[in-house]
Each structure stands twice: as structure tokens, then as C-alpha cells.
Amino acid sequence: MNLSIANLSKTYANGVRALQDVSLDIPAGMFGLLGPNGAGKSTLMRTIATLQQADAGSIRLGDIDVLTQPDDVRKILGYLPQEFGLYPNLSAERVLDHFAEMKGVANSGERRDLVHALLKQTNLWDARKKAVGGFSGGMKQRLGIAIALAGRPRLVIVDEPTAGLDPNERHRFLNLLSEIGDDVIVILSTHIVEDVRELCRRMAIINEGRVVLQGDPNQVLDEVRGHIWRKRAAKSELVALRAALDVISVRLVAGEPVIHVYSESTPGDGFVAVEPNLEDVYLHRVGTAALAEA
Amino acid sequence: MFWTVFKFELSYWFRRPLTLLFFALFFLLAFFATASDAFIGFASGQIHRNAPFVLATMIAVLTAIGQVITTAIAGTAVLRDAQLGTEELLFTTRVSKSGYLVGRFVGAFIIMLVIYSALPIGLLVGSVMPWVPAEKMGPVQIAAVFQPFFTIAVPNLLFVSALLFAVGALTRRLFAVYVTGIILLVAWQITQAIVGQLDKVRLASLIDPFAITTVNSAVRYWSVAEKNTQVVPLAGAMAQNRMVWIAAAIVLFAVVATVFRLRLQQARASHRARKATVAERVVVPPTPAVTLHYDRASWIRAFVSQSRFHLRSILREPPYLAISLIYLINLMIGLWFQMRPQESARWPVTSLFAPVVGNGLFVFTVLLATLYGGELVWRERQIKADQLQDATPVPTWVPFGAKLLAVFLSIAILVFVASAGSMLMQLSQGYARLEPAVYLQVIVLIALPSALAITALAMGVHALVNQKFVGHLIIIAYWVLLQVVSSLGFDHRLYQVGRPPDFTYSDMAGWGPYTPRVLTISYYSIAFCLTLASLGLLVLVRGTDASWSARQILAAKRWRRGGAVATGAFGVAAIVLGFLFFHNANTLNAYTEVHAAERGVKAWEVKYKPLQHLPSPRLVRVSLRHDYYPERRAAAWHGTLAAVNRDARPVDTLFVTVPPSAPRPTSLFEATSNTGVALDSLVFDRDAQLVLDDTPNGVRLYRLAKPLAQGDTLTVRFAGRFEPRGYPNDAFNNDVSANGSFMNMQYVPSFGYPEQTELSDDEARRRNGLEPKPRMKKIDDPVVRATNYISQEADWITFDETTCTAADQISIAPGYLQREWTENGRRCFQYKMDRPILNFYATLSARYEVTKADYNGVKLEIYHIPEHAFALPSMMQASKDGLDYFGKNFSPYLYRQYRIIEFPRYAGFAQAFPNTIPYSEGIGFIYRKEEGDDKIDFAYFVTAHELAHQWWGHQVVGGNGQGSTMFSEGLAEYSALTIMEKRFGREAAQKFLRRELDGYLRGRGTERKKEVPLLYVENQPYIHYQKGSLAFYALRDYIGEDAMNAALSAFLAKWALKGPPYPTARDLYGELDKQTPDSLKYVLNDLFEEMTFYENKADTATTSKRPDGSWDVHLVLDAKKLKGDSVGTTKEVPIADYVDVGVYGDRVPGQKLGEPLLVKKVKITQPVTVLDVIVSKEPKKAGIDPYNKLIDRTPEDNVIAVSNRR
């Protein structure tokens, strides 16, 4: 099953153009959607998750027209929103049971078994009787993914799931995601490039409502191999360098600025060619697109 | 810092449209109160629409119910930062705690004041509108309008704002703020209930934060004139109250200032402890196979389990528990006051208690339905779980319906608990006949349908409106509208969706005719509200887009998928039931709104009044055959009337009055029609041509071929019947019921223009373009003596009646039973009077048990239902005592029987027909005699009063003018009091008189026309009953019992059974005058000819012991005498009166004041009198007019404690 998004557009009532003619092709497996804050990722996620309408365009999930058949989508959907809460006084077990029932697991015996399995799978078994209001961020996210998985979904959407988690929790969560079957479409929408690098076989970069790049991460990196240069520069040189070259990023290492630059050929003295990483590609693309707009 | 926060708060609220909305609301309310007829609750009759008292009351009440607004503004002042998440930003700036708190509070408070200032402004603007009738308004005094604002509104708002602000700041939960407001309101209600016991007025005035009770108590005895001109002074209880509550506000604020921290609300420690440390990876089993079901049956199961889910969460909420507790406390207090209305005591019968359980739930239903309905509709959005839920395949009706059911059940549980509580209270009072079936009926027919309807309404509104606060406002406004709408004349039940239907449950007749109406209304409400809920469900937001375009798309889809069917089904049911009700109320029973009915009566008067002075024959004989059909609630009658022309003019046109079926107003708000009544035939013994047939309006005009000369007799045979059709919107005609029927002579045709049909109320007449008419003819008008006030169509008639009823019932009419037989399966009784009676008779029927006694040749009989045997001994005793005393001291009893007959609680009075007393089941028969010297036996008293009417009314009856009710009702009341005092002692009598004094003083303040002295009383109950008993008792005290009885018996001897010409109050006055010595003639004048008031007070009372063991008592007594006019303005007059002075010792049983050491009449001639007396024992209390025989507005300051002189 494929998720095909064609020419999707959405402008909010206050004039913000959240999505402009977005087209994406998403097969089964992990798909990473990268973009800065305000790029339109959440709008896109919510639209696919049947929580919002679009102004124009279409989304097809296999045979289903998402925009006009939301009920059919919800039967095979698991959605973990960016910001969410739960019934704070209830136990994890009770909450999961409540949502599982709403997903169609009508038989109480089956539901109980499912809830237990999911809690064990997400490592919340020992906390199952504890009130959800006292959960840490990571535990809440894991419960969220358990809820998303409760209906045996074929499409799982996770929106900014690891923002605010400590490294341990983040890894645990990503492990969980990776275990969701290969025949399920999993869309991971995030601004953390590492997450996409670790998990995703396909990716897209979105900025200011437009898709700026789409494809296989390896291919994407191949395309820029040999074009990324690094130099340790002095603070005083920065302004001149920025004017002359395509500076992707400026970082501080031990107090001294280190810049990455995109250039087809060697940009000059002190520059060393480096192995490109996804962040370079991301920053380059996002920056270029921004400059193109200006 | 303070200024920044303060200015921000002000500008925040000034920019919101909600603020303007509130201001406009209050402005319009006050404007319409002055400029229109709309709100007659506060200002009525003589009280001006812009009276300071009216504004004071309005402000006090509106600060109470305007809590929703105070919650929104003051309650959220600090909360807002928690809700919006700006706390962290704000608390890390340099803002100081005091600057923050004071700034927020003062800002919110100022806004509240601005909004409430709309009230006096609206009142002022309304009062200068050109179209307002001048007599409804007093002079426009700006000071008088703003004084109540400053003395009442400002402190009220200060306290309420401080309280809600404190709760909001300390709990950071909006829900807690709402609930605090509710608790405050109900606590206020409880205070008001406590004030029902007179002695606690002071305390109740102090503990009322809204000053509503305080205002009411302050003006309790104000006359109409005073209410119109005076402001409630900031003195006495009012000043103390204001100080108490301002201090409370300051304390609250201090508490907040101390406890509040510029920090985030910490999560509870226990939650912290529960944060888990998760162990490393557990063995993960393979994911089990599950089948996903999306069929209807599975969703219904999910619906049930979600209902349980939400119900459990509601039941655990502290606010729900708090509201439930308040409801139960409130209910218990309500039940308590059912048992003890105005110092009497009644048995806690289920027919009294169960309706309280059913009706008392309504306001709590509304509160719980909107609070929790709103909360649940918004729940997922508030905890941010909405996206999770909306992305599941659950159909929207499942969570919505489950929430509706959960809220409904949370309310239903309350009413079951309440019934259990009520039954416990019955048992605790020693009453064991609990009748649980009746409770269940009330729950299922009345309480639960209303709860379901209101819940559905609240949820539908919240779903539609999609703004929680506005949703609450709409529901509360709807409830307020329901209260008000009836008083505006819109009393058709189809508008009043959700309100529990009216009903009266009688121990005699059970549910009577109410069941079909109750069912129709209840199901109509449910269907209507479920339709609204379905519509709400159609547009309920799902997903993250709350715009109307998104909701429209959702609605279209839901409509196609069953929304149409559901909405349609409920809608059709509502329409069908609505039509059924409409058919019954409007078609079969000619529902008419009261103002339209008034117009009909006006038209009737305009048409027929010109015929008022046509000569009419006077009735001399009534021979009646009456048939009751209790199982059908129907009756039929036929008979013969004989009438004589006593007028010098011959009668050629007969004005015949028959019972009308057209709508007539029954009060200022309601009108009823009597569509079931019909006149079948009217046949004269001579040639009479029907020239005008207006039977629906009760009029028929006949032209006699040969005029009836003076002295000639005319007979007419008539037949009529009563068959009720369906049910009406307002009051049923319950004259006939399955068990308990009571029909009087109004169904029998009569001759002459019935003046009593005309509109009597001044305002009603003006509204309809008629001149106000004098309430009654002046006492000296010669025409007064021509007819008696009981019946204008007859003097004394001969009477006989045969009445037949169902085989298992007994039927009674005035007269001695001649014979009893059975015919056609029906039981018949023939009664005949052996001497003439007034044209005042009634026929009763029910399945009675009869309790009999023979007393000195008089047969005493009480007809009652077996379950109501509580008060029989009191009734019997009163009858015997009365027959003894009245027979000996007034004149011999005329009849050989005295019968008391129970009738259903549809009316709550007792009435004296000749030797026949119908007596409501709701009074007397369930009264309970309590032990104690100061307990009044009401069953005894009312029986005695009605027995006394056999003299005052049935032996001597007054003319049709002023003063006649003085000697029928006034003397009946006095006579009953006399034998009660002999039987129970002076203590009980004193207690009764204090109650009468309170009733008189309060009654004056609500007078709709004008007050008059007792001699000129115009059928005003507070004068002829209350002032009457006070006056006659006081007179007896001055002239002595023998002199009194001599006057009364002389009056009877001269006027009994005479007429025309009939006696007037002047004749009684003349007899009393003969028995009054010259020195006391002023008393007679003060009590009867004028309106006299005293302001007596014991200023100082000191004592010292004399060497011989006796005691010197030094008294300083104030006395002031005033005379009043018709609106209650008083002026001081010189005093030269004999007034009791009393000195009392230790308490003894039977004497509330103490052992009387010295009681004598002293002539008071100065405003201040100094007296020195000697008594034998130590004095404890002393005072002037200690028994309150004189009318005094502050009776409690007449007696003070005696202190030792140093």
C-alpha cells in the first residue's frame, strides 16, 4: 500500500500558507519528513490523519481517498500527535483499554490481551497501574505509541515524537518505532535530522509549505559528496566568507567558529572536503530555499 | 508594578465584547423594570417602579445570581495565567507578589463595579422615559438610586469577588471557582429558610453576604409609603452586615496574599512518588491476534462501557460530591419546612414529601447538566487527548451519547438518594407509612424526564455553541428565563421545555387527572431536547478545525449516515406530543393567555354593565338534585329555583347568570376556561323568550311576556352538567375527582348582574382601559343594607337537596339526612334544612370513614379518609369547647349537627357552610399536636374558627359593603382565639397573637390599593383576620370578657337571621360602645375607626433590694402614638392611653416572661414615663405593654432585663 499526496494546498484563515502544492509518494516502511518549525509538517500530518481538510489536492492511501473517506482511514490509522494529553487520574492500562475499544477491539478478552502485550512491548508493564498524570515525558510518548498501535494500523503517523526526551528515552522510542512491521507505512515528522538518518529508508525535506527534496537518504548524500567543505575560521573572517561563499552552517568548536560550505569546487585556502552528513544536506536545502524566496 | 498589572487587567476586559454584553444585559434589565410592565415581581401594586427599595432588592438579588459573571471576571483573574501558560513568563519578571495580586484583583473589581453600575443607570434612564405612567413612578432622586448601589452592590461585589478570586488563585482550577459560587448561592438559600422562624431574623440578616435577607427584614414592616420614599438606611443590622462581609473580604484577600506563591502549581507529592523507575526489557510476547469490529452492536457495547467510564469519573469529582451534598441538605431543609409551615406542625405524609423530592431537583439538574455536560463535551480538548480520540474510528455519537447518559445518570442517582433520605426523615419523625411506590412514581414521571431533557439540552447547546463559557451562560439564562416567563404571561407549557410538569398528588385522589398531562409534557420535553442534542451532534467539532465550514461538512456527512433519521425521529416525536398537548390545552380546553382573558372580561363588562341595575327577583327556594360520577370526574344536576320580585318595579327582562365556559383570569398570571361545563335546559313556569344567548360568557337574557310584579314568585327548572375534556395548560377544574369532590352553588343559575366577575385589580383595569373601581361600597351607603355580602342574589332561602354518587362513596350537603337508598348501583342521600339558610351551599362526596360523637344533643361528625385520623381529637375537642362557649355566651347554636368533611388538597382552605365544614386534606387533617405551652394547635384553631362562623356569618351576616367581614372573619378569629386560650393557656394565645401581629404588619406593606381602619375593612385578609383578632382581643382586655360577650350577644339577638336590611359594622360598634366606659371610649375609636400604631419601648429598668426583702423597681418607659393614613404615612398624636406595665420574676412554666409580680394598666400621657414600684420578689424583666396587645412595629423592645441599680 502506498500513500500518494498530490498537489495538496492549505491556507489558514489568518493568511498563513501552510501547504503549497505539496506532492509526496510514500511507500511502506519508515519515511522521514524533515523541516524546520513552521514548515507545515504538522499541518500535513493532521491532514493525512483526517483531522483537517485541505483547500486543494488529494491524498490516496491505497484505494482510499483520504479527504473524503476519513472513516475508512481511521480504521487502519495510528496517530501520535505532537502535543497530547491523557486522562491524568487513570492508570496506563485503563487509558489504553479505553482507546483500544474506540479503535474497534470490541471483545473485552482480546482487548485485555492486546493491552498487556502492548504495555510489555513499550516497556510500561511495571507502570501499568500507575496514574498517567505522573508519567515522565518518555513514558507518555511510549504510551502514545501503544495507543497508536492498538488498532493494528497500516498507517502510522508520529509527529515530533522525540522532542524534549533525554537521549535514553529517545533511543528507546526510536527502537520501538523500528520494530513496527515493514509492511506498515510509518511517517516520522521531525526537525531532528539524526532520527531520520537512523531510521528512515526514504525521506523528504519540507520548508515553508513546499517540498524541497524527496528521496532515499543515501542517494541524497551521494549527490552532495565532494561538495561539502569545512574550515576553521576566525571570527573576523566570517562576514567576508558569508558574502563570498555558500555557507551552510557555522558552529563553535572549543570557542572557535567552524564553518561548512557548499561548493562545486574547492572554495580556497584552509578548506577541507568532508564526508557529507544529512544535516549538511538539510541545512543547505533549507537555506537555499529560503534564499530563493527572499 | 501594581499600576502595570492593574491597567492591563482593565484594558483586557474593556476590549472584550463579553464585558459590553454583561453591561448591556444589566442595563436592559433595569431599564425594563422601570420603563415597562415586564418585571412586576419587585414593584407591584402601589410600590413605585423606581422605589429605592425596588432597586435595593434588584441589586441584591442580581449580585447573587450574577455570579456567573463574577466567576468569569474575578475568578479567572489569576487563573488565566495558569490556563494560558503565561505563569512562567510572568512569575520570572520583576513583578512583586503584592503588585500582581492587588493589581489583578483591583482591576477585576473595578470592571465588576462598572458592569453593575448599569443597574442604577438603567433604572434612572428608564424612569425618565416619556411613556411610563406617572402613578407608577416616584420622583426621580439620583441619590436614592445610587445609595443602594453603594451600600449593597459594592460590598456584595467586594466579598463575592474576593471569595472567587481567592479560590481561583489558590486552587488554579476554574471548576472549583464555579462550584464555590454555587455553594455560596445555596448557603444563602438556607439562610433565607432559617429566617422563617421569626426569632432568628437578626442572625439571618447578619450572615447573608448578599444582603437580600437583610433588606427584606429591614423593610418587613414598612408601609407602602415608606417603601416608596425611603432608602434602606445603613444602620442597625444592615450596617453590621456590611461590616462583617467587608471584613470577610479583607480576610480572604489577606489569606490569598499569605498563601499565594509566585510559582507554578506543584504536582502533588503523591504523584511524584508514583513516578516509576522502569526495569529493563521484559520478555515481549508476540502481538496477539485481535478482530476489529465496526458494526453497530459493537459500538453500542462501547457506548455502554464509555458511559460507565464517564459516570465513574463524575462521581469521583469533589465538586459533584459538594453539589450533591448541598442538594441533599437543601432538600432536608425543604422537607423540614413542609412539616413546619409557619410554626404549625404537620405529619410528614408522603403526599407532602414526595413532590418536594421531585420538584426540588430542578435547579440542581440545571447546574449539574451544564457544568458536567459542558465539562464532558470539552474534556478531551481540555486534556489534549482530542486528537487521539478523533483519529480513532469510533463514531462521534458513541462518546457524545455516552457522556449524555453519564451526566443523566449522575443526576438520577441524586434523586434516588434523596428519596431514601426523605423516607428516613419520615421514619425519624415516627411516621411509618412510607409509600415507596409514590416516590418511585414521582421519580419516574417527574424528576427523571426533566433531568434527561435538561441534560440533552445542555449537551446540545455546548455542542452547537462550541464555546464553553457561552454555553454555560445560555443554559443559565434559559433557566432564569423559565422563572421569569410565567410572570410575563407566557405560561404555555410548550415553551417551558425541560421544566418538570406541575402536579398535585393527593392522599385522597392520588394522581387524579394529572397523569396524562404529566406524561405528555415529560416526553415532549425529552423528545424536544433530544432533537436539539441530535442537532448538536451533527455539528460537533471533530478534528482540529473548529470553523463553521468544517463543521458543515461534518454535518452533511453525519446527516446522511443516520443523523437525519435520529433528528427526524426525535423531532417527529416532539411535534406529535406537542400537538397532543396543544390539542388538549388549546382546542379542548381553550387555553388563553391571561392578558387575552382580561380583555375578554373587559368586553363582557362593557357589554353587560349597563344592565346592572335592572330589577331582579330574589331567590327564595333551592331544590336540587345532584349526581356525581367520580370515575369520570363528571357531575350532573337539575333542580328548581323559586324567586320573588321584591323590587317596586316590575321585572320584564331577566338577567340570568349561568356558569361560563369562556376563559377567565384566575390570578394576575393565569387564566382558565371551564370548557366542560354545559347548561342543558332552563325552563320557566311562564312565557319567557330568550332574547340573548351568551351562555359561553355566562349570560342569558329572557323577556317575560307578562312582567313579574312586586311580590310575585317565579319558578324555573334547570339542568346542567360538567364533563371535563382532556387536560388544560394551567389549573385543572378539580371540583370532581375519583375520590373527593366538592362543588358549590356557583354551578346553579342565578338572577342579576354578577359584579364580582368584573376585573377588580386596579392595574389590570387600567391596562384594559377601565377606570379603577372602588373595592367596596362605603359603609354608610344605604344600598349596602339591601343585600348581604355572601350572596347578592338572595337573602334567606329554603333548601333541600338529593345527591347521588358512586356506590362506595358518601355524599353530603347542608341539611339533615332524611333518607338514604340505592338506585341503579348508585347511592343516594336526601338532605333538607328545616330553617332558612344563606344562599351558600355545597355538595361533597368521597369514600369516607365517619367519626361520630354526640354532644348535648348536637351530632358531631367528621368525614375523612381512614389514613387521616391524626387531628380528629383536636377537631372534636374544638367543636365541643366552641359549642359550649359560643352557645352560652353568644346565642344558642341553631342546628342539630356539625359536620367536618375532608376534601382533596387541590385547594388549601376550610369553609363554613351551614352546619357543614369542608376542610382541605392539606391543612388540619394532617396537623400534628405538639406538646408544649407555647405550641399552637392549628387543627383546633381552624375548627373553632369555622364553628364560630355558624354564628358570625350564618346567624348574622353583614351587608354588601365596608366592614362586614370585620364581624364575620374578625369575630370568628377572635372567638376561636378565646376558646383556644381557655383550653391551652395564655402562652399559646400570646404566641398566636404575635403571629397575627407579624401578619398584619407584613400585609400592610403589600397592599395593592389602600389600607383602611378595621371598621371599614374591604375584604382585606390582613385586616379582617389579623388585625381583627388583635383588636377584639385588646378590647376584651380593656372592657372585660363579660362586657364583650354582652355586646356580642346583644348584637346577635338584634340582627340574627334578619335581612334585608342587613347590619353593618356600625351596628356592632354601637353595641360595643354601649359596653365601653367613657374613659375607654378612645380605645374603641383607636382600634376600629382609625389606624393606630404605637412605638413603645422599655428604656431603663433597674432594681435594688429594700431592707424588708422587697424590691424597688425604677422604670423609664418610652411611648409614642401614631395615626396612619391609607398609604401608611404616619403622624404622631398626643398620647393619653391606659397601657399595661409589667414586672416579672423568675421563669415559670407557662409564662414566657416570667412570674408576673406586678401587672397593671397605667395611664401614659408623656413620651417618657418614669415609674417607681415595689414588688415582693426579685424582678428579672420589666416593660411596657409586655403582652403586645397594642400594634407596635418593634414589639421585641417592649420588655427588657432588669439590672441592678448601683
Which ranges mark the strands (runs of 3 or more DSSP E) fully within the stretch B:615-700 that have 1 or more residues being within 32 Å of the chain's Cα centre (by Cα)?
-> B:634-644, B:677-684
In the stretch B:1006-1017, which residues are in a loop (DSSP other than H, G, I, E, B) and buried (at least 21 other Cβ atoms within 10 Å of the Cβ)?
-> B:GLU1011, B:PRO1013, B:VAL1017
If you check B:SER1029 against the conditions, is it buried (at least 22 other Cβ atoms within 10 Å of the Cβ) and either out of contact with any Ser or Thr (no Cβ under 8 Å at 6 or more places or on another chain) or aromatic (Phe, Trp, Tyr) (or both)?
-> yes
Please work out which one of (1) farther than 27 Å from B:ALA1050 by Cβ; (2) small (Gly, Ala, Ser); (3) touching a residue at least 24 places away in the same chain (Cβ under 8 Å) is the condition B:ALA972 fails and give its number.
-> (1)
A:ALA146, sole failed condition from (1) out of contact with any Leu (no Cβ under 6 Å at 6 or more places or on another chain); (2) of a type in the set (A, V, I, L, M, F, W, C); (3) at pLDDT 90 or above = (1)
Within the stretch A:7-30, can one find any residue that is within 14 Å of another protein chain (Cβ to nearest Cβ), on the phi > 0 side of the Ramachandran plot and more than 15 Å from the chain's Cα centre (by Cα)?
-> no
Does B:GLY1109 fit the bill of being more than 24 Å from B:ILE1023 (Cα to Cα) and at pLDDT below 90?
-> yes
Determine which single condition B:TYR898 fails, assuming it passes every other condition in (1) under 28 Å from B:GLU1041 (Cβ atoms); (2) out of contact with any Leu (no Cβ under 7 Å at 6 or more places or on another chain).
-> (2)
Hits in the stretch A:108-153 (condition: within 7 Å of chain B (Cβ to nearest Cβ) and under 29 Å from B:ALA297 (Cβ atoms)) = A:GLU110, A:ASP113, A:LEU114, A:ALA117, A:ILE147, A:GLY151, A:ARG152
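Scanning the stretch A:164-184 for residues that are in a loop (DSSP other than H, G, I, E, B) and small (Gly, Ala, Ser), which turns out farthest from A:GLU198 (Cα to Cα)? Can you show your working first?
At the first step, the residues of the stretch A:164-184 found to be in a loop (DSSP other than H, G, I, E, B) are A:164-166, A:180-184.
Imposing the further condition that a residue be small (Gly, Ala, Ser) reduces the set to A:164, A:181.
On the way: A:GLY164: 18, A:GLY181: 16 Å.
For the stretch A:164-184, the residue satisfying everything is A:GLY164.
Does B:LYS1131 satisfy being assigned to a strand (DSSP E or B), more than 37 Å from the chain's Cα centre (by Cα) and at pLDDT 90 or above? Break it down stepwise before answering.
Working: assigned to a strand (DSSP E or B): yes; more than 37 Å from the chain's Cα centre (by Cα): no; at pLDDT 90 or above: yes.
So B:LYS1131 fails the test.
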Just a yes or no: is a residue in the stretch A:154-163 facing another protein chain (nearest Cβ under 9 Å), in contact with a Ser or Thr (Cβ under 9 Å, 6 or more places away or on another chain) and not in a helix (DSSP H, G or I)?
-> yes
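Please specify each residue of the stretch A:83-101 satisfying the condition of being in contact with a strand residue (DSSP E or B) (Cβ under 7 Å, 6 or more places away or on another chain) and facing chain B (nearest Cβ under 9 Å).
So the first thing to find is which residues in the stretch A:83-101 are in contact with a strand residue (DSSP E or B) (Cβ under 7 Å, 6 or more places away or on another chain), and the list is A:88-91.
Passing the criteria: A:PRO88, A:ASN89, A:LEU90.
Looking at the structure I just gave you, is A:ASP71 acidic (Asp, Glu), closer than 23 Å to B:SER547 by Cα and more than 7 Å from every other protein chain (Cβ to nearest Cβ)? Write out each step before concluding.
Numbers: acidic (Asp, Glu): yes; closer than 23 Å to B:SER547 by Cα: yes; more than 7 Å from every other protein chain (Cβ to nearest Cβ): no.
No, not satisfied.
Looking at B:GLY421, B:GLY373, B:GLY360, which is the one that is more than 14 Å from chain A (Cβ to nearest Cβ), in contact with a Phe, Trp or Tyr (Cβ under 9 Å, 6 or more places away or on another chain) and of a type outside the set (A, V, I, L, M, F, W, C)? Talk me through it step by step, then tell me what you get.
Details: B:GLY421 fails: in contact with a Phe, Trp or Tyr (Cβ under 9 Å, 6 or more places away or on another chain); B:GLY373 fails: in contact with a Phe, Trp or Tyr (Cβ under 9 Å, 6 or more places away or on another chain).
Checking each option against the conditions leaves just B:GLY360.
Based on what the data block shows, is B:TYR495 of a type outside the set (D, E, K, R), closer than 20 Å to B:TYR591 by Cα and part of a loop (DSSP other than H, G, I, E, B)? Working first, answer last.
Numbers: of a type outside the set (D, E, K, R): yes; closer than 20 Å to B:TYR591 by Cα: yes; part of a loop (DSSP other than H, G, I, E, B): yes.
Yes; evaluated as a whole, the condition is true for this residue.
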Test result for B:GLN382, within 12 Å of chain A (Cβ to nearest Cβ), out of contact with any helix residue (DSSP H, G or I) (no Cβ under 7 Å at 6 or more places or on another chain) and under 30 Å from A:ALA146 (Cβ atoms) = yes
Please specify each residue of the stretch B:304-351 satisfying the condition of being within 12 Å of chain A (Cβ to nearest Cβ), at pLDDT 90 or above and surrounded by fewer than 19 Cβ atoms within 10 Å (Cβ to Cβ).
-> B:VAL304, B:SER305, B:ARG308, B:ARG312
Return yes or no: is B:VAL1175 touching an Asp or Glu at 6+ places or on another chain (Cβ under 9 Å) and either closer than 21 Å to B:GLY985 by Cα or not polar (S, T, N, Q) (or both)?
-> yes
Just one of the numbered conditions (1) closer than 26 Å to B:VAL858 by Cα; (2) basic (Lys, Arg); (3) part of a loop (DSSP other than H, G, I, E, B) is not true of B:ARG827; which one?
-> (3)
Assess whether A:ASN2 counts as being within 24 Å of A:GLY181 (Cα to Cα), away from chain B (no Cβ under 14 Å), surrounded by fewer than 15 Cβ atoms within 10 Å (Cβ to Cβ) and at pLDDT 90 or above.
-> yes
Test result for B:PRO610, at pLDDT below 95, surrounded by 18 or more Cβ atoms within 10 Å (Cβ to Cβ) and closer than 30 Å to B:VAL783 by Cα | no
Restricting the stretch A:129-141 to residues that are crowded, with 18+ Cβ neighbours inside 10 Å and in contact with a Leu (Cβ under 6 Å, 6 or more places away or on another chain), the one farthest from A:ASP195 (Cα to Cα) turns out to be A:VAL132
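The values are calculated or read from the model by the stated rules, or taken from the named source; none is laboratory data. As the structure is a prediction and not an experimental result, all values here were calculated from the model. Cβ coordinates were reconstructed from backbone atoms using ideal geometry, including for glycine residues, and neighbour counts include every protein chain displayed.
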